[in-house]
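The values are calculated or read from the model by the stated rules, or taken from the named source; none is laboratory data. None of the values given here were measured: they were computed from a predicted structure. Note that each Cβ is placed from the backbone with ideal geometry, even for glycine, and that neighbours are counted across all protein chains shown.
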Amino acid sequence: MVNDDLQGRKTVIGGMIIFVFVIFVFQLINLQILNTSYKENADSNAFLKRIQYPARGLIYDRTGKLLVYNKPAYDVMVVIKEVEPFDTADFCNTVNIDKNLFVRLIKKIKADKGYSPYTPQLLLSQLSVEEFAVLQEKLFKFPGFYIQNRTLREYTYPCAAHALGSIGEVSQNDIDKDNYYTQGDYAGKSGVEKFYENDLRGDKGVEILLRDARGRIKGKYEKGALDKSPVSGKNLTLSLDIDLQMYGEQLMKGKIGSVVAIEPSTGEILALVSSPTYSPSDLVGRQRSKNFTRLNTDPYKPLLDRPLMARYPPGSTFKVVNSLIFQQEGIITPETKFPCHCGFSAGHLHVGCHCHASPLDMRESLQHSCNAYYCQGLRNMLDNDKYGTTEKAFNVWKKDIVSFGFGYKLGVDFPNENRGYIPNADVYNKIYGHGGWHALTIISIAIGQGEVISTPMQTANLAAIMANRGYYYPPHIVKNIKGAKLDPKFTQKKFTAVDPKYFEATVDGMEMAVLGGTATIAKIDSIRVCGKTGTAQNPHGKDHSIFMAFAPRDKPRIAIAVFVENAGFGATWAGPIASLMMERYLKGHISPNRKYLEDRMSNTNLMPFVTKR
Amino acid sequence: MSRNVSLAKSIDWPTIVIYLLLVLMGWISVYGASYDFDHPSIFDFSQRAGKQLLWIACSFLLGASLLMIDSRIYDVFAYFIFAGAVFLLIITIFLAPDIKGSRSWLVFGPVSIQPAELGKFATGLALAKYMSQYNYKLKGFKNYLPVLFIILFPMLLVLLQKETGSALVFLAFFLMLYREGMPGVLLYLALCCIVLFIVIVRFGDVFLQGANIGSLGFLVSQIFILITELGFILVFEKNTKPVLLFLKAYGIIAVIAIGLNFFIKVDYTYFGYFAIAASIIYLFWISIRQRRKNYTFVAIFMIFSIAYCFSADYIFDNVLEPHQETRIKVVLAMEDDPTGAGYNVNQSKIAIGSGQFLGKGFLNGTQTKLKYVPEQDTDFIFCTVGEEHGFWGSVLVLGLYVGLMLRLLFIAERQREPFGRIYGYCVTSVLFFHFAINIGMVLGLAPVIGIPLPFFSYGGSSLWGFTIMLFIMLRLDVGRLEQMH
């Protein structure tokens, strides 16, 4: 060897090689084994999870008529990073927007919290089919712009807007609560669409695509083995009879109020009219927000779902319940007579009544809607020694009333039900102090005035209880969910606190009211109608006209409650409307001699004058 | 006995096996990295994997041919080969088209070659030839000058082609010079340069809050210089006594510095400068009084070091180009810009990191297949290995390289003639430089310097260059036995 003294240096060089190797291995351990964030980084880099939206469930009426279906709509998405210079004017013309709006939209996208120039951002939502067709042709001229398919709701009938509800873009709150949703998704916002959202929405599918560094799609990951196909939403069959519904809306035109019709034997809602109303298609697509603002600022509050949310004193319809409770509690029998001298007088207190023959028994009191009878009845009950105190007696009355579905939510299948209001003794104790109140203090609740509040739905439910002589099924609008079971609570009878044996006498009174009392206008040829008028005093204006009824008397097929705001006596407006609807439902047509009634109802405008805000 | 049989017997099979493994794995990795969803066949010659197969076939022919040629031819023609390579490098500067700012490719119709790749083995041969002259010793300016010329002239030509990465590779030959007798202290000084540069650039502008230390970078540099000084003294004197003396002095200075700072704020770096200045004066004084050349060297080292510290910032800001500055800053974690300058390295780390222990499997690497890593079939080819074959695959490949380099060291050392040994060290050094810088870059440990991974990266020039380089060595190794018989 030439230079033996330098032999050792090969070890130094070899050592350097091994040293570098060891450093690399440590860095590999650090990157590949200790640190897992690189794996996540890589996945979010390379996988584009493209959501496939399921078709929303269809909605049918009880006779199988299609009410709500889907139509395709197209969103324009933009990936800012891929946009190359293009003819802006041409683009704006194609999608029918002006250039300033386009500039504003782009600015808005960029200002968005979740903005990324690499991912598709929503530019324009819900192009019409025509706009879509033209844009599709020209899309190659606008690199970076894409079209995303969506579905919109389409309605075969321009009615039942409140019952059907609408869908709208989910809020951040929805997204936080349910991880099903992502930004830009649609979900039910009201009515059936909201309550049955989980059935209607279906399951989203996902397609896992591979995306290269420039955002181009390079096929499916694992050849689609991990993809999931979307599952369409479940179809709903409503208990609604769309013809009856339309008829109800026609009769309620020009009035503020509600109609609720229920099939007593099942609790199924046959019609649910909230007036004034609007067309359900007003709240679809690009005009949704414009129309929503218009409806929301309308002084007549067309968006309010009155059958479920409007709070009225039940008025004289409450006498029906009281007659039952008084019988049950042994205060009266149907034969008990109370006098009435154009009203009920006790000391300084006087509750007026129209003047009629006196004394009346219970049936007659219902027939003539006698105020004095029920004031006397309530007084006898609350002052009765068998309960000990007025307070205790009142709580018994309250318990009985509540068993008829008042004061609490009925548990209908709507998202926004109001519970009404029935006070308990504590409420009065708070107002008047312990022992500071007695029957006469609160006597107006005997005739459905004062503190008691009910919704049209609760009143309709009372009609159904009367029809069933003592029980009800919680009212519900969905008859059938395809591929799923209805909530079992809708098929469970709920009995009231009153023994069914007491009902027949009260029903007698209701029939007498129609045959020869306050509600004769509701009479229908060849059908035994039982009804009760109501006139709820309204501190804000003219009285509300109320009517509840069921028919036929034996094996009733329809129970109904009609509220017309500021329309005066129950018999004048609510009675005829309820009667016409029952006739229409039971007979399929209106007899010629009642056509005049139909015309008068349809063509009268009772909207109170309200200055627009 | 036919010549072929003796060749088969005497050729170094371990090297051949490692070579074949690396080339084959490289080919598969290129296929994975350049995978085209529209052209999925590995044999599609319009695609990079197919082309690489052609380059590989050519390399095998080339390698086989080189084994057939008499080994003495390299000794005889070394200078001619070097001259030819230099000629190619010169004409490249003028003829090469501008490709991404570099003028290093000669285009012959469909084939382009990069003469810089051929310059490496030619330089290696020329160095071997010159340094294996009878009685040549790597000592004295006269003997160093030609060697430096052989290394630096082609390096300059490559620099003129704007191929900084390939030019830097020529520095690898200094490792060979070290083996051949260049003082080790020079390598250590080079290391000092790098360390001081990193410390100053990284921490020069860092001022710790509260502690009154001035620039952190300068304080650390001062400490480093003082420690190096003591190290030199220890090596030269082989005696701990003078070292302890210095340590005591420094200790006293440190205590005074800390004590003083209780009362008035005085920058610690001032004490550092004082310690260094005092040491320099003392060292000069001893060297004059005791005529100790070593002490003079240490004093000069300290003067240059401290001057270098002050100029490092200047070098960084004014000599380096902006993109080079950024690459260095990215490695030193001074700049975190995953979409800009740091994009390559960040994506490269993501690709490798996402491979985890077992890897995603062949062709399942999403990052590489979907082109997230730029240059992933050339300079960043190792990403594919890291992603698809994970930790074990990466370590296997690195192990093969280490095996190859150590084997080459062994082969070089067993040469009877200095020519073979010197050339062998040239090959090892160049391979080591490529290996360290390329893998270091891919793993985010070294700045992005665009040099390929030998045998792995896509490209004919690089593969041919390394094949020629390696097979000349193998032929020389066979020749060693021929002469023995």
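Here are the numbers:
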item	result
Flag for B:Leu409 being assigned to a helix (DSSP H, G or I), modelled with pLDDT under 95, within 11 Å of chain A (Cβ to nearest Cβ) and closer than 16 Å to B:Thr15 by Cα	yes
A:Pro576 being closer than 24 Å to A:Ser454 by Cα, part of a loop (DSSP other than H, G, I, E, B) and touching a helix residue (DSSP H, G or I) at 6+ places or on another chain (Cβ under 9 Å)	no
Selected residue (only one of A:Tyr115, A:Tyr157, A:Tyr146, A:Tyr180 is closer than 14 Å to A:Val76 by Cα and either surrounded by fewer than 19 Cβ atoms within 10 Å (Cβ to Cβ) or in contact (Cβ under 8 Å) with a residue 40 or more places away in the chain (or both))	A:Tyr146
Some residue of segment B:222-232 being of a type in the set (Phe, Trp, Tyr) and buried (at least 16 other Cβ atoms within 10 Å of the Cβ)	yes
Checklist (1) in contact (Cβ under 8 Å) with a residue 12 or more places away in the chain; (2) at the interface with chain B (Cβ under 8 Å from one of its Cβ atoms); (3) acidic (Asp, Glu) applied to A:Asp43, failing item	(1)
Selection count, segment B:346-388, where residues are crowded, with 24+ Cβ neighbours inside 10 Å and not in a loop (DSSP other than H, G, I, E, B)	19
Hits in segment B:376-406 - residues which are more than 8 Å from chain A (Cβ to nearest Cβ), of a type in the set (A, V, I, L, M) and over 21 Å from B:Ala172 (Cα atoms)	B:Ile381, B:Val385, B:Leu396, B:Val397
Top-ranked residue of segment A:350-379 - restricted to ones that are within 42 Å of the chain's Cα centre (by Cα) and surrounded by fewer than 18 Cβ atoms within 10 Å (Cβ to Cβ), ranked as farthest from A:Pro423 (Cα to Cα)	A:His354
Among the residues listed as A:Arg311, A:Arg306, the single one being at pLDDT below 95 and surrounded by fewer than 18 Cβ atoms within 10 Å (Cβ to Cβ)	A:Arg311
Matching residues in segment A:470-501 - criterion: being within 18 Å of the chain's Cα centre (by Cα), farther than 20 Å from A:Ala460 by Cα and in a loop (DSSP other than H, G, I, E, B)	A:Leu486, A:Asp487
Flag if B:Ser305 is surrounded by 14 or more Cβ atoms within 10 Å (Cβ to Cβ), away from chain A (no Cβ under 14 Å) and either in contact (Cβ under 8 Å) with a residue 12 or more places away in the chain or within 28 Å of the chain's Cα centre (by Cα) (or both)	yes
A:Gly64 vs. criteria surrounded by 17 or more Cβ atoms within 10 Å (Cβ to Cβ) and either more than 14 Å from chain B (Cβ to nearest Cβ) or at pLDDT 85 or above (or both)	no
Filtered residues of segment B:434-449 (kept if of a type outside the set (Val, Ile, Thr), touching a residue at least 24 places away in the same chain (Cβ under 8 Å) and within 7 Å of chain A (Cβ to nearest Cβ))	B:Leu443, B:Leu445
Index of the failed condition, B:Asn261 passing every other in (1) modelled with pLDDT under 80; (2) assigned to a helix (DSSP H, G or I); (3) within 37 Å of the chain's Cα centre (by Cα)	(3)
Residue check for B:Ile18: touching a Leu at 6+ places or on another chain (Cβ under 8 Å) and either outside the structural domain of B:Pro154 (by TED's automatic domain parsing) or surrounded by 13 or more Cβ atoms within 10 Å (Cβ to Cβ) (or both)	yes
For B:Gly184: the one exception among (1) within 27 Å of B:Lys329 (Cα to Cα); (2) modelled with pLDDT under 85	(1)
Cross-chain or 6+ apart pairs with Cβ under 7 Å, segment A:326-338 first and over 10 Å from A:Tyr502 (Cβ atoms), then in a helix (DSSP H, G or I) and hydroxyl-bearing (Ser, Thr, Tyr)	A:Phe338/A:Tyr373
Positions within segment A:448-469 being over 16 Å from the mean Cα position of the chain (by Cα) and either among the charged types (D, E, K, R) or not in a helix (DSSP H, G or I) (or both), in sequence order	A:Gly448, A:Gln449, A:Gly450, A:Glu451, A:Val452, A:Ile453, A:Ser454, A:Arg469
Matching residues in segment B:352-368 - criterion: being within 7 Å of chain A (Cβ to nearest Cβ) and on the phi < 0 side of the Ramachandran plot	B:Ile352, B:Gly353, B:Ser354, B:Gly355, B:Phe357, B:Thr366, B:Gln367
Yes/no for A:Val78 being of a type in the set (A, V, I, L, M), closer than 30 Å to B:Gln415 by Cβ and more than 7 Å from chain B (Cβ to nearest Cβ)	no
Hey, B:Leu431 surrounded by fewer than 24 Cβ atoms within 10 Å (Cβ to Cβ), among the aliphatic types (A, V, I, L, M), within 14 Å of chain A (Cβ to nearest Cβ) and part of a loop (DSSP other than H, G, I, E, B) or not	no
Matching entry among B:Leu152, B:Leu148 (being assigned to a helix (DSSP H, G or I), of a type in the set (A, V, I, L, M), modelled with pLDDT of 90 or more and over 27 Å from B:His323 (Cβ atoms))	B:Leu148
Enumeration of residues in segment A:30-40 that are under 23 Å from B:Ile437 (Cβ atoms) and either in contact with a strand residue (DSSP E or B) (Cβ under 6 Å, 6 or more places away or on another chain) or more than 7 Å from chain B (Cβ to nearest Cβ) (or both)	A:Asn30
Residue within segment A:295-303 that is among the acidic types (Asp, Glu) and within 19 Å of the chain's Cα centre (by Cα) present	no
Test set (1) among the hydrophobic types (A, V, I, L, M, F, W, C); (2) out of contact with any Asp or Glu (no Cβ under 9 Å at 6 or more places or on another chain); (3) at pLDDT 85 or above; (4) not assigned by TED's automatic domain parsing to the domain that holds B:Ser457 - B:Phe301 fails condition number	(2)
Search result, residues across segment A:195-212 that are outside any loop (DSSP other than H, G, I, E, B), within 14 Å of chain B (Cβ to nearest Cβ) and not aliphatic (A, V, I, L, M)	A:Arg211
Residues within segment A:524-549 that are surrounded by fewer than 24 Cβ atoms within 10 Å (Cβ to Cβ), modelled with pLDDT of 90 or more and among the basic types (Lys, Arg), tallied	1
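Rundown of residues vs (1) within 14 Å of chain A (Cβ to nearest Cβ); (2) closer than 23 Å to B:Pro454 by Cα, yes/no style:
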position: B:Gln114; (1), (2): no, yes
position: B:Gly119; (1), (2): no, yes
position: B:Met131; (1), (2): yes, no
position: B:Phe149; (1), (2): no, no
position: B:Met155; (1), (2): no, yes
position: B:Val169; (1), (2): no, yes
